[in-house]
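The values are calculated or read from the model by the stated rules, or taken from the named source; none is laboratory data. What you are looking at is a predicted structure, and each value in this text was computed from that prediction instead of being measured. We place every Cβ from the backbone using ideal geometry, glycine too, and count neighbours over all the protein chains shown. Note: areas computed on protein heavy atoms with side chains; ligands, DNA, RNA excluded. Shrake-Rupley method; radii C 1.70, N 1.55, O 1.52, S 1.80 Å.
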Amino acid sequence: MLELQNISRKVGDEVYVDDVSLCLQRGELNILLGPTLAGKTSLMRIMAGLDKPDSGSLRFDGRDVLGLPVQKRNVAMVYQQFINYPTLTVFDNIASPLTVNRISKSEIASRVAKVSDLLKLGDFLQRRPDTLSGGQQQRVALARALIKGADLVILDEPLANLDYKLREELRAELPGLFAEMGAVLVYATTEPTEALVLGGNTACMFEGKVEQFGPTLELYRQPAGLQTARIFSDPPLNTLRLHYRQGELRIPESEQLIKLRAELNDGQDYTLGVRPHHLCLVRHSPEDIELRGEVTVTEIGGSESFVHFEFQNRAWVALIHGIVKFASSEVVSFFVQPRHSLLFDQSDSLISNSTAMIMAP
Amino acid sequence: MKTVNNKAWLMVLPVLLLVGLSAIIPLMTVVNYSVQDSFGNNEFFWVGTEWFQEILHSERFLNALQRTLLFSALILAIEIPLGIGIALAMPKRGIGVSICLVLMALPLLIPWNVVGTIWQVFGRIDIGLLGHGLESLGLDYNYTQNTFDAWATIIIMDVWHWTSLVVLLCYSGLVAIPEVYYQAARIDGASRWAVFRYIQLPKIKRVLLIAVLLRFMDSFMIYTEPFVVTGGGPGNATTFLSIDLVQMAIGQFDLGPAAAMSLIYFLIILLLCWVFYTLMTVSDQAVSATKGRTN
Amino acid sequence: MATIELQAIAHRYDSGHGSAIGDAVIPFAVNALDQCWPDGGAYALLGPSGCGKTTLLNIISGLLHPTAGSVLFDGVDVTARSPEQRNIAQVFQFPVVYETLTVADNLAFPLRNRGLPTADIDSRVASVLTMLGLQKQANLKARDLTVDEKQKISLGRGLVRTDVKAILFDEPLTVIDPHLKWQLRTELKKIHQQFQHTMIYVTHDQTEALTFADRVIVMHEGSIVQVGTPQELFEKPQHTFVGRFIGSPGMNVIPCIVEGATAIVGEHRISLQASLGSDFDNSGLQNTELGIRPEYVRLCQEQGLPAVITAIEDVGKHVVVRVNVAGHELKVIQREGEPIPRNPRVWFEPGKMNLYQNAHLVEAAQ
């Protein structure tokens, strides 16, 4: 178990990591999700012992490891770039973490065989890494991390440099591999889809802070705040500022309003968040909120269409199942079910029962 | 990697001690000499800044300084453009690369005094290939008599010896430029000059700075080669600061003025290096504030 | 703008220097391609890395000279011309900017190289700055910008030229964050709709290709396996590779035997919409497969083939259910909130099944 308490790190005036507390269990996959510069890599470097935080404590299995250099921590890392020893064969590459520890040759051979089977590298053991494809090279790097039997395995966007389809394949394989390792696993990614496919727990990071930490799906379905919902939405979350007065949420400078069952603070602003795939072209029930927008561009992606439209001077996008085409600047009605709309208060926290509060206009 | 590990200090301790013994203590000795006078018998008198004033007002020093500055300026003006030019002309791949690199490295491997001796012999009118050759072509060449010939010989010798350093540094910068930059430039219809000005030069600026600093410091402190070839002559024509300094300190045993002069010499080098550095990095300042962070 | 035509294009890379390896050993990176891309369209070259898509793009731009065949712009053979003579623009995977120049000077660079009058340059640069939303950054040094802004400059250097024949993109969004990818792609699409440049976009990312292009060219091992609209690629993949590569998850492909208008998977019979007719060779030696998209497989209790659920992956907007049917793994997409039956059967939507023989689509005889 890896415990981080109030970890902060600043370099010059820039805050890299801002008061992060996390508790990561062995055998579970922990994902750090956030855009570039959110502090994912900085936090991982602190976990590995490559950097020292300015404040806070770091415990592994109850032991304080803050002063312990990386060499003594039994950490394995896999980077975005495929890092292998170019002059060694795949076998020697995978075996490299073991050879420093005086392990017998037969033992090494059997462990390499096991790991290479798992990662489907059996046929390439005598080749050099540079003769392999990108996906295979990254598998070699993963195998090296696996064979080490490390307590902490850190994966920093390991699939980012791979082809789309290869990424899909490895994504599907990884959770199974991780389950076998029994280590604390930390995995950084910028892509919400990747986090959802991998499952496990997710920490949403933004500007050095952990916005929220919990089971991945739970975070996705019930984000505590607007920032988490934003990070966890691809295509981007649609948002709209609303004004509350006398039981009604009003869209500024518009006749449109949303009626509520419960009371909110009178005279305050709220933010409505709608995930693109929750916008439909047909009304499912009379309760649905209707949003009329002017289409800017329609993109077609296989089985679905992304309709970009302008709504209240904001760029919105709807993910529609099937192929639809609209002319540019056509005015179209989109519908969202009340149970799918997220309502955030002034401090951008989710109003917990907001879905039950919204009524039909 | 910024691992905090105090053991690292122990590792550098021997070097620190060595530097202390070999650099700081001698430097302090020089400082000590520069403010005192001695009439032998190990008796010293405090003279304050007298030596410094004397040196700064001495025509001999100012002449030597002028000569040295001119020499450095000529060296930089020739070697830097020539070095860049050769680096640009060198092949980027294939067997030619290693041939060129070996050829370029050869002059760098020869010790200073040997270079001096080679050119001294090479330039002699009676037996030297260059000197005798020019003589038989009817050209009046004599580096021991003619100031221009002496300068030309020393400058050509230095260019022959050190241009390859500039070449190698620039070449390392040039080969690190990704191919797409050239492709984009071709598509933008950039001329050869525009490619150099807007792609190659900005990318090799950092190594070029190192080259300029190294060549400046080296040429400003040049001693062995002119000492071997011309011995500072004809007359004082090639008496550079370093030669003058040695003459004063060892030839005349004027320790006080020599110490003051070496300190001034040292400060001039520091000052000029700082000027070069600031001039060449001034536009990078803004960048370093926004860059330097990857995540 | 120009219509781009490829005639019997083939290319293979040298093995380096010398020809120690015989010609026959070096495979073609691109092989015997004939294509015609009409003026003003948005095209995507889609395929995995190593399929030859970048090679093909560089042949069109003139950065690479093909081993055989010719490239025609508006009917004029330009094979021997250099990139600048062809008058194309190209945006690369990693943003290429002239770091010491300001944003405005970067955009003016290609125009100055061509010796345009200053007044024209200024007005063109101003309009492109507005188009890309870079007015505020106009006087900043290009190296001080973020990656996505730099990539916009790369694009802008193409847009600024009024006479450019085509704008080519080589995986331009690789280094951009997911959120910004959306923004940039939408902007690109808008610019295309507004100005109707001929655009060719190379990518391995199906979403990028399908959302960007009117016509997608799918490449596999140096050859074009299908050219079609996003819808055609999705509904009627010409090759099992296309089926698997496009869609996430890709098409389910399972071996089967066909008898008239019935496909037999294991012991189960599935009726097809149309009979394949007598010309369909079903001797059993030919490798026959049935392809069905996960989107068109339904989990139900009454009809269809008995299945065993092996895994359920909830990815937010939908759930991917992996099932085992007669020894073959199938993926099923369930909408958010749809119930998953305990002992399900899988049912294939009629009309959405495709038959493949030796990996190629068998057109149903109507």
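Right, C:V202: open to solvent by less than 20 Å² (accessible area, probe 1.4 Å), closer than 15 Å to A:I300 by Cβ and at pLDDT 90 or above or not?
Considered against the rule, which asks whether it is open to solvent by less than 20 Å² (accessible area, probe 1.4 Å), closer than 15 Å to A:I300 by Cβ and at pLDDT 90 or above, C:V202 comes out as no.
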field: segment B:94-148: number of residues that are aromatic (F, W, Y), part of a helix (DSSP H, G or I) and in contact with a Gly (Cβ under 6 Å, 6 or more places away or on another chain)
entry: 1
statement: From the option list A:E294, A:E263, A:E287, single residue qualifying as in contact with a helix residue (DSSP H, G or I) (Cβ under 8 Å, 6 or more places away or on another chain) and more than 30 Å from A:V11 (Cα to Cα) is A:E287
message: All but one of (1) within 13 Å of another protein chain (Cβ to nearest Cβ); (2) buried (at least 18 other Cβ atoms within 10 Å of the Cβ); (3) more than 30 Å from A:P236 (Cα to Cα) hold for C:T310; state the number of the condition that does not hold.
response: (2)
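Suppose we keep only residues that are assigned to a helix (DSSP H, G or I) and in contact (Cβ under 8 Å) with a residue 12 or more places away in the chain within segment A:87-104. Which one would you say is surrounded by the most Cβ atoms within 10 Å (Cβ to Cβ)? Full working, then the answer.
The first filter runs over segment A:87-104 and keeps only residues assigned to a helix (DSSP H, G or I), leaving A:90-99.
Retained after the next criterion (residues that are in contact (Cβ under 8 Å) with a residue 12 or more places away in the chain): A:90-91, A:93-98.
Numbers: A:V90: 27, A:F91: 19, A:N93: 24, A:I94: 30, A:A95: 23, A:S96: 15, A:P97: 18, A:L98: 19.
Among those residues, the one meeting the criterion is A:I94.
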- prompt: Checking C:R215 against (1) charged (D, E, K, R); (2) within 12 Å of chain A (Cβ to nearest Cβ); (3) free of Cβ contacts under 8 Å to residues at least 40 places away in the same chain, which single condition isn't satisfied?
  reply: (3)
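Please state which one of C:V103, C:V78, C:V71, C:V125 is open to solvent by less than 20 Å² (accessible area, probe 1.4 Å), more than 26 Å from C:V202 (Cα to Cα) and more than 10 Å from every other protein chain (Cβ to nearest Cβ).
C:V125
For (1) farther than 19 Å from B:W112 by Cα; (2) away from chain C (no Cβ under 14 Å); (3) in a helix (DSSP H, G or I); (4) open to solvent by 20 Å² or more (accessible area, probe 1.4 Å), each residue gets a yes or a no:
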site	(1), (2), (3), (4)
B:S172	yes, yes, yes, yes
B:I177	yes, no, no, no
B:K203	yes, no, yes, yes
B:V207	yes, yes, yes, yes
B:E225	no, yes, yes, no
B:A237	yes, yes, no, no
B:I243	no, yes, yes, no
B:M248	yes, yes, yes, no
task: For residues that are assigned to a helix (DSSP H, G or I) and farther than 16 Å from A:N84 by Cα, scanning just segment A:122-164, find the one that is most open to solvent (accessible area, probe 1.4 Å).
output: A:D123
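Identify the residue in segment A:176-193 that is touching a residue at least 40 places away in the same chain (Cβ under 8 Å) and within 14 Å of another protein chain (Cβ to nearest Cβ) and, among all such residues, is nearest to A:K120 (Cα to Cα). Even if it seems obvious, please write down each step before you answer.
Quick first cut of segment A:176-193, residues touching a residue at least 40 places away in the same chain (Cβ under 8 Å) only: A:177-193.
Cutting the leftovers down to within 14 Å of another protein chain (Cβ to nearest Cβ) gives us A:179, A:188-193.
On the way: A:A179: 17, A:A188: 24, A:T189: 24, A:T190: 27, A:E191: 25, A:P192: 27, A:T193: 24 Å.
In this case the residue turns out to be A:A179.
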- request: Under 8 Å between Cβ atoms, at least 6 apart or on separate chains: pull out the pairs that start in segment A:33-50 with a residue that is closer than 19 Å to A:N74 by Cα and facing another protein chain (nearest Cβ under 7 Å) and end on any residue that is in a loop (DSSP other than H, G, I, E, B) and of a type in the set (K, R).
  value: A:L50/B:K2
- request: For segment A:21-32, state whether one or more residues are open to solvent by 40 Å² or more (accessible area, probe 1.4 Å), within 14 Å of chain B (Cβ to nearest Cβ) and more than 29 Å from A:Q126 (Cβ to Cβ).
  value: no
- request: Report yes if some residue within segment B:65-74 is touching a residue at least 60 places away in the same chain (Cβ under 8 Å) and charged (D, E, K, R); otherwise report no.
  value: yes
task: Enumerate the pairs (first residue in segment C:222-237 and within 12 Å of chain A (Cβ to nearest Cβ); second residue anywhere and not in a helix (DSSP H, G or I)) with beta-carbon separation below 6 Å, excluding pairs fewer than 6 apart on the same chain, so at least 6 apart or on different chains.
output: C:P230/A:I300; C:Q231/A:I323; C:L233/C:V216; C:L233/C:I246; C:F234/A:G302; C:F234/A:S303
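Only one of A:H243, A:H308, A:H284, A:H277 is surrounded by fewer than 18 Cβ atoms within 10 Å (Cβ to Cβ) and within 14 Å of chain C (Cβ to nearest Cβ); which?
Details: A:H243 fails: within 14 Å of chain C (Cβ to nearest Cβ); A:H308 fails: surrounded by fewer than 18 Cβ atoms within 10 Å (Cβ to Cβ); A:H277 fails: surrounded by fewer than 18 Cβ atoms within 10 Å (Cβ to Cβ).
Among A:H243, A:H308, A:H284, A:H277, only A:H284 is surrounded by fewer than 18 Cβ atoms within 10 Å (Cβ to Cβ) and within 14 Å of chain C (Cβ to nearest Cβ).
Given A:A327, A:A315, which one is closer than 19 Å to A:L242 by Cα, out of contact with any helix residue (DSSP H, G or I) (no Cβ under 7 Å at 6 or more places or on another chain) and within 14 Å of chain C (Cβ to nearest Cβ)? Steps first, answer last, please.
On the way: A:A327 fails: closer than 19 Å to A:L242 by Cα.
Selected residue: A:A315, the only one of A:A327, A:A315 that is closer than 19 Å to A:L242 by Cα, out of contact with any helix residue (DSSP H, G or I) (no Cβ under 7 Å at 6 or more places or on another chain) and within 14 Å of chain C (Cβ to nearest Cβ).
Considering B:L76, B:L82, which residue is surrounded by 14 or more Cβ atoms within 10 Å (Cβ to Cβ), modelled with pLDDT of 85 or more and over 22 Å from B:L241 (Cα atoms)?
Selected residue: B:L82, the only one of B:L76, B:L82 that is surrounded by 14 or more Cβ atoms within 10 Å (Cβ to Cβ), modelled with pLDDT of 85 or more and over 22 Å from B:L241 (Cα atoms).
Going through segment A:1-14 one residue at a time, which ones are at pLDDT 90 or above and either open to solvent by less than 60 Å² (accessible area, probe 1.4 Å) or within 14 Å of chain B (Cβ to nearest Cβ) (or both)?
First, pick out the residues of segment A:1-14 that are at pLDDT 90 or above: A:2-10.
A:L2, A:E3, A:L4, A:I7, A:S8, A:R9, A:K10 - these are the residues of segment A:1-14 that are at pLDDT 90 or above and either open to solvent by less than 60 Å² (accessible area, probe 1.4 Å) or within 14 Å of chain B (Cβ to nearest Cβ) (or both).
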task: Just give me the residues in segment C:208-229 being buried (at least 22 other Cβ atoms within 10 Å of the Cβ) and either under 9 Å from the mean Cα position of the chain (by Cα) or closer than 24 Å to A:I320 by Cα (or both), in sequence order.
output: C:E208, C:A209, C:L210, C:T211, C:F212, C:A213, C:V216, C:I217, C:V218, C:M219
- prompt: How do the pairs read when you match residues in segment A:118-140 that are within 13 Å of chain C (Cβ to nearest Cβ) with residues anywhere that are of a type in the set (S, T, Y) and not in a helix (DSSP H, G or I), using Cβ under 7 Å and keeping only pairs 6 or more apart or on different chains?
  reply: A:G134/C:S49
